[in-house]
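Before any comments, here is the structure.
Bear in mind that the values in this text are calculations on the coordinates, not laboratory data. Please read these numbers as outputs of a predicted model, since none were measured by experiment. Cβ: placed from backbone, ideal geometry, glycine included. Neighbour counts: every protein chain shown.
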Amino acid sequence: MSDRLANIAKASLGMGKAALSRAPKTKARLRTLGQMLVPPLPPDSLLVYRALKGADAVTLLRETEEIATWVDPPAISLVIPTYNTDPQFLREALDSIRTQIYPFWEAIVVDDCSPDESVRSVVAEYAAKDPRIVAVNLAENKMIAGATNVGIERAQHEWIGFVDHDDVLAPDALFHVAKVILDAPDTDVVYTDEDFVDEDRQHHYGGWFKPDWNPDFLHSVNYITHFTVVRASRIREVGGLRDEANGAQDWDLMMRLASVTDRFRHVPKLLYSWRVHSESTAQSTDSKPYVIEAQRRVLSDDLARRGRPDATVNQDPDFPGYWQVRYPVQGRPLVSIVIPTKDQYAVVKRCVDSILRITTYTNFEIVLVDTGSTERAVHRWYAWLRRNEPKVRIVDWPETPFSYSRACNFGAEQARGEILVMLNNDTEVLHASWLETLTGDAQRPEVGAVGALLLYPDRELIQHAGVGVGLGGLAANALQRLRLFDRATRTQHLMLYTRHNMSAVTGACLAIRKELFTQMGGFAEEFAVTYNDVDLCLRLMERGYVNVYLPFVRLLHHESLSLGRPEGKTNRNLDEVEAARALFRERWAAYIEHDPHLNAALDKTTAFYDVLPPVGTA
């Protein structure tokens, strides 16, 4: 099988040469850069990526032919710092670069004064075989940031990519990056998906299927990592890598780049594989004290740079590789908790009692929007609240048929607070700091809506971890009906337990500045019961705001106790549901097709962040 693939690859390269002869500008650029066409691939080079891994030989042939049609393709300088690298791993890293189907590159290998001479020997051998490989040997150890900066200084091209000395690229990694640059010329940073590979390169696992540009996520983990290619002028604008950030130098660079540009583009393909060594795990460095302190420092530096030195930075107590940034409340704003409700005495009382009992932030009011309660127990309780609980106001909004949108909008009009928290009456607060945490994020001027992690009553089954547009055909609660602490994929785990931006959060618990809610016209009343929250969040995104999911704010949600489910015998109107679906599909078709906060490789038929197998795989 490997011989057959090798023959196909060689044939594709031959056709690529022929195509280049018909593309004079591309051929001239190739000659001007002093670069060569890719040499014949080793027999197993197309077998590196199995299972979920990318391109087969037919795809590589098509991509090679496409390259030959490009006018003025971007040239990329790959910077590879090395230090005492295992010679075999270094060879495999360099082989994965030499066998790229995209030929417009140089690789600058910076040896950081390795005691082992074999490292320099390997690089010299490869440089002799391929003039695109440049060997730089340092006379003294500069550490990783310093060594990388030397490579950046030597880079000749307008784009700079970063490759670790023992990792491997997919054969078409540079092709996909270059294609993004050509399609979106204003791009400043391109990053791809990635996975892990064992020492023998027999097993790929831990695929990390990333979202598009996600600024809050970048403050939780360095989700961009590899493979990353950056416009050289932007790297030089921010001063390259900082020595004081060693241990988190690449994360620090991404945050400093994000302070001067938001033109980050994402290639949703597994194109880079981290090498996992038998004596360690891929994340083992996270346990080293100097790495932890470096990560804390670069996060704090970035928050200060953004005018928020008051934000707190702490490791996640359960998952030390993740970080929790929390924004303290500015001033002491009144927060209005708006709860539409009708009857269901035990349900709404449990909700209100949980707020009054454990909430540590004291400057709040609860606005109960009663939509026509008839139960005597509810009215007796209302009378007691009016006498004894000054934080609770009951406002009447009797309406038939019920409209969650209109009830919330009316409650917002009656609210006296600067911050609104829309809350379902069948929720239950679990953490004392929930309100100030939501409020601190809702006050951020770039933020639209803020949502929480909602759990079913057993406290483990997930009800909501943000909303994915396109999931289930239209929109669905992400990770719904998975369990906390169950074994999860890398993607599921990261998207469950980290703060990040989502296209939408549920109206069952949604915080927003009242002024902004009013400017947006509140919930769209044509979505009476369903999709009103998602519609509001997408309208906020269209205005340039980001919506935030906070996993460390947790509530129980006794879902649909008041309204029931549309499939059962309830007071929900099936015609209303179908009309809302049709309107949502018409209004937000572009987001249903591509939610920028969901990876394109995810299976949209479920909400589980499962991955679609590639076409043609068993």
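Computed values, structure above
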read-out	value
Linear extension gain, Asp200 paired with Thr362, 0.36 nm per residue minus alpha-carbon span	52.5 nm
Derived scalar couplings ³J(HN,Hα) [the range 325-337; Karplus, 6.51 cos²θ - 1.76 cosθ + 1.60; whole Hz; x for Gly, Pro]	9, 10, 9, x, 5, 8, x, 9, x, 6, 10, 9, 9
³J(HN,Hα), Karplus 6.51/-1.76/1.60, whole Hz, each residue of the range 115-121, x for Gly, Pro	x, 7, 5, 5, 4, 5, 5
Total charge dipole magnitude, the chain, about the Cα centre, Cβ charges on Lys, Arg, Asp, Glu only, Debye to nearest 20	1020
Positive-end residue, the range 335-593 charge dipole about Cα centroid, Cβ charges, pick of Thr360, Val338, Tyr404	Thr360
The range 73-282: mean projected area of Cα convex hull, nm²	11.0
Interchain or long-range residues, amide H under 5 Å from Leu482's placed H	Ile462
Helix 2-21 vs. the chain, principal-axis angle (Cα, 0 to 90°, nearest 10)	80
Exceeding the 22 Å Cα-Cα cut-off - candidates Lys210/Lys288; Lys342/Lys391; Lys210/Lys604; Lys142/Lys210; Lys210/Lys514	Lys210/Lys288; Lys142/Lys210; Lys210/Lys514
Ascending count of other beta-carbon atoms within 10 Å, so fewest first, for His493, His219	His493, His219
Nonlocal amide H pairs with Val134, under 5 Å, H built at 1.01 Å	Ala107, Ile108, Val109
Whole-Hz ³J(HN,Hα) from phi, Karplus 6.51 cos²θ - 1.76 cosθ + 1.60, for the range 66-80, glycine and proline x	5, 4, 5, 8, 6, 9, 6, x, x, 9, 10, 9, 9, 9, 10
Two-decimal Rg/Rh across the chain, once Rg and the Kirkwood Rh are taken from alpha-carbon atoms	1.03
Built amide H within the under 5 Å cut-off of His500, gap 5+	Tyr549
Global form of the range 462-518, assessed from the alpha-carbon gyration tensor, a/c cut-off 1.5	prolate
Normalised contact order of the range 73-282, rounded percent, pairs of Cα under 8 Å and 6 or more residues apart	26
